[in-house]
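Structure record follows, encoded as structure tokens.
The values are calculated or read from the model by the stated rules, or taken from the named source; none is laboratory data. Fair warning: this is a prediction, and the values are worked out from it, not measured in the lab. Please note: Cβ atoms are built from the backbone with ideal geometry, for glycine as well, and neighbour counts cover all protein chains shown. To get the accessible areas, we keep the full protein, side chains included, count just its heavy atoms, and leave off ligands, DNA and RNA. Shrake-Rupley method; radii C 1.70, N 1.55, O 1.52, S 1.80 Å.
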Amino acid sequence: MAKGKYRLSYWESRTFFRNIDVAVIGSGMVGLSAAIHIKERNPFLKTVIIERGPLPIGASTRNAGFACFGSISELQEDIKKSSENEIMQIVSKRWEGLQQLREKYGDNNIQFQHHGGFELFRPSEKKIYTKAIDSIPHFNQLLRPLTGMEATYLPANHKIKEFGFKGIKQLILNQAEGQLNTGLLMQAMLRQAKDLGIDIYNGISVKKLNNESNGVVLRTKQKWKIKTKKVIIATNGFAKILLPKLAIAPARNQILLTKPIPNVRVKGTFHYDRGYYYFRNIGNRILLGGGRNLALDKERTYEFGTTPLVRAALTRILKQHILPDQKFEIDSWWSGIMGLGKGKMPIVQPTEEHIFVAAKLGGMGVAIGNLVGQEVADMVLETF
């Protein structure tokens with residue numbers, strides 16, 4: 001045996017990795033949802049999940065936990081690049097996905113809190129705000145059949161003083177939005193997957209796919225060859241590594257979390273500066289993330305970590321606008337990798353025989369990840 005090589009034993013290859021029907025690469029929300037849906041529909045299919053990290057690596061447990069589906073200015077910008085009908089279809093999917101999560105796993109189990117979502121406008125954004133506020137009746141009419149609310153969006157300038165913000169001129173409230181604990185959500189999904197008999201193997205990095213007439217061979221960093229009849233690539237921003245022709249790019253988001261703050265006044269989820277920054281309360285802490293617009297090229301990376309430029313910008317926003325009259329300490333920093341591309345619609349499709357992809361969640365993985373997983377699972381099930 002060559003030095004440093006860890007080969008699969010006879011027992012390992014003939015038990016753990018034998019007769020695999022579906023291998024899902026990626027144990028994030030999309031991958032778990034796909035595997036769960038397959039097992040619920042066909043319990044006899046041997047379904048495994050392969051994950052390169054000790055935990056789901058990417059964004060599923062590294063995001064802000066926003067249960068959101070779109071601020072007004074975001075929807076207006078999206079409609080410019082697409083059509084109102086297409087964007088509303090996407091919004092509908094996001095809303096449906098959030099309701100599915102809440103119903104399936106329970107609000108208490110995922111710490112869902114319905115505090116509303118707010119969009120902040122600076123004095124320099126008067127034109128953007130005016131356009132947004134003027135379109136409230138139109139969007140409320142579009143969303144009424146979906147959310148069941150007479151007014152999904154409302155002006156909320158009176159909340160600025162209540163929250164203690166400075167340098168913010170206007171607020172628009174989305175009454176239908178909330179927040180949740182994505183760590184607890186992922187734990188609930190992992191438990192369900194295991195209860196269904198889905199094997200999850202961590203620490204295995206798939207480097208290449210060899211498509212064959214009767215299945216796919218996964219070639220791993222450990223030099224293993226794992227055979228499966230079908231494979232689902234559910235690695236979102238990392239999907240292009242295995243599928244180089246895929247129109248998707250990574251986008252790193254950096255995040256800070258404060259230590260507990262006495263009498264913190266912020267409650268809800270918030271989008272600032274065209275959505276490039278976002279923050280929320282976690283109890284009496286503040287989570288703040290974003291800033292990739294400061295160095296878009298450098299933030300198109302597969303590397304985790306934080307940078308002095310973005311750290312300084314996030315800290316400045318916290319001091320000047322969010323907590324201007326309060327002392328705070330930063331407890332921790334982390335980052336997550338999203339998957340972006342042209343348009344807002346996720347990529348859910350077969351790429352060639354036996355190989356399927358579900359990726360490009362566009363920063364809306366919490367809202368749409370469960371549905372995307374189910375969609376790709378249904379495509380795979382049709383082939384058996």
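Quick notes
- Between Ser205 and Ile133, the distance separating the two model label sites (each 7 Å from Cα on the Cα→Cβ line) works out to 5.2 nm.
- Cα centroid separation, region 185-256 to region 277-353 (Å): 24 Å
- Sparse-neighbour loop sites [GluC sites (Glu not before Pro); region 319-361; at most 10 other C-beta within 10 Å; DSSP]: Glu329
- Accessible area per residue for region 31-112, computed on protein heavy atoms with a 1.4 Å probe, is 43 Å².
- Packing-based ranking, highest mean first, of 165-177, 65-77, 367-379, 105-117 given that Cβ atoms within 10 Å are counted: 367-379, 65-77, 165-177, 105-117
- Per residue convex hull volume, Cα atoms of region 114-203, in Å³: 180 Å³
- Taking a straight line from the alpha carbon of Lys344, these lysines sit under 19 Å away, with near neighbours fewer than eight places off in the same chain left out: Lys80, Lys81, Lys93, Lys240, Lys245, Lys360.
- At most 12 other Cβ within 10 Å, DSSP loop - trypsin sites (Lys or Arg not before Pro), region 284-384: Lys327, Lys342
- Gyration tensor (alpha-carbon) shape descriptor, region 11-64, a/c threshold 1.5: oblate
- Percent carbon-and-sulfur accessible area, the chain, ignoring ligands, DNA and RNA, probe 1.4 Å: 51 percent
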